Amino acid sequence: MLDKNTEEILKNITVAAPNGYKLFAVDDFLTENVEEGINKLAEDGYILVKYNCDGEYLLALTQSGKDYFALKYEKLIYKSLISKRVALFAFIGSFLGCLTFLLVLILVGWTNA
């Protein structure tokens, strides 16, 4: 996973250059440590750096860079579904436990009804 700064740089590149190379200046990014972030993205295989001189970069996304946010979204959806399942099973389990307890009370005759 990328840190917040590097992820923001990748998001800017994804929006500005989804298919092919584009020339970026350091000022195009609203984050800190842009040079370090671009170097980390290149090392991790998310972007290709074709040109780098005096704060200007010619950048393109790799397939990993294009898929990063889609995979992150899928993981978020998966975690959400797991949480909903756990909540549903907890509700069903507590409901069945209450029913079992009431049946035991009725069978034993401890109710006032």
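Bear in mind that the values in this text are calculations on the coordinates, not laboratory data. Since this is a predicted model, take the numbers as computed values, not measurements. With ideal geometry, Cβ positions are generated from the backbone for all residues, glycine too; neighbour counts draw on all protein chains shown.
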Say R0 is 22 Å: what FRET efficiency, to the nearest 0.05, do Asn33 and Cys53 get from their beta-carbon distance?
0.75
Segment 1-75: GluC sites (Glu not before Pro) falling in loop per DSSP and having at most 11 other Cβ within 10 Å:
Glu32
Degrees between helix 4-16 axis and first principal axis of the chain (Cα, 0 to 90, nearest 10)
70
Could you tally the net charge around Leu58, taking each other residue with its Cβ under 9 Å from the Cβ of Leu58, Lys/Arg +1 and Asp/Glu -1?
+1
Loop sites in segment 82-113: chymotrypsin sites (Phe, Trp or Tyr not before Pro), DSSP, at most 11 other Cβ within 10 Å:
Trp110
Highest GNM mean-square fluctuation among Leu81, Leu59, Leu103, for the chain with Cα springs under 10 Å, belongs to Leu103
If one takes the longest principal axis of the Cα atoms in the chain, at what angle in degrees, from 0 to 90 and to the nearest 10, does the Cα axis of helix 34-44 lie?
70
Compute the distance in nm between two label points, each set 7 Å from the Cα along the Cα-to-Cβ direction, one at Ala60 and one at Lys11.
2.6
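For the pairs Lys40/Lys84; Lys40/Lys75; Lys11/Lys40, note any where the Cα-Cα span goes beyond 25 Å.
Lys40/Lys84
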Asserting the computed 222 nm helical MRE of the chain (DSSP H runs at least 4 long, -39500 (n - 2.57) per run, divided by residue count, to nearest 500) equals -22000 deg cm²/dmol
